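Visitor: Questions regarding the structure given below will be posed in turn.
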Amino acid sequence: MKMTGAEHENYGHKIFLKMSRDLTARTGPEEFVPCRITADGRAEPLLAKSGYVSSLVFSDGFIRIPEDRETIRAEETAEVWIW
């Protein structure tokens with residue numbers, strides 16, 4: 001967070017929301033996928049190729065996919081870092 005210019009390292013909030021659809025990831029590295037929060041309070045992944053910064057314009061935060069997970073299924077609860 002310091003590298004982004006935030007005044008405090010714990011800037012932002014972490015919440016837990018149900019997924020609107022399945023989200024598949026790779027086994028191994030921890031991943032963060034841009035998402036938006038739907039009107040009914042679910043996390044909807046915004047899938048885009050890496051480097052597509054424009055997808056961040058429509059996002060409300062990131063879904064965190066832990067290194068030990070490959071898939072987060074629809075209706076499962078996911079950790080979402082919002083801004």
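Visitor: Restricting attention to region 1-25, which residues are at pLDDT 80 or above and either small (Gly, Ala, Ser) or exposed (fewer than 10 other Cβ atoms within 10 Å of the Cβ) (or both)?
Guide: Selection gives 16, 20, 25.
Visitor: Okay, moving on. Any residue at all in region 60-74 that is free of Cβ contacts under 8 Å to residues at least 60 places away in the same chain, of a type in the set (D, E, K, R) and in a strand (DSSP E or B)?
Guide: Yes; the residues of region 60-74 include at least one that is free of Cβ contacts under 8 Å to residues at least 60 places away in the same chain, of a type in the set (D, E, K, R) and in a strand (DSSP E or B).
Visitor: Can you find, within region 26-47, the residue that is modelled with the lowest pLDDT among those that are of a type in the set (A, V, I, L, M, F, W, C) and open to solvent by less than 30 Å² (accessible area, probe 1.4 Å)?
Guide: In this case the residue turns out to be 33.
The values are calculated or read from the model by the stated rules, or taken from the named source; none is laboratory data. Remember, predicted model here, so these are calculated numbers, not experimental data. Positions of Cβ are generated from backbone atoms using ideal geometry, with glycine treated the same way; all protein chains shown enter the neighbour counts. Areas reflect the complete protein model, heavy atoms only, side chains present, ligands, DNA and RNA absent. Shrake-Rupley method; radii C 1.70, N 1.55, O 1.52, S 1.80 Å.
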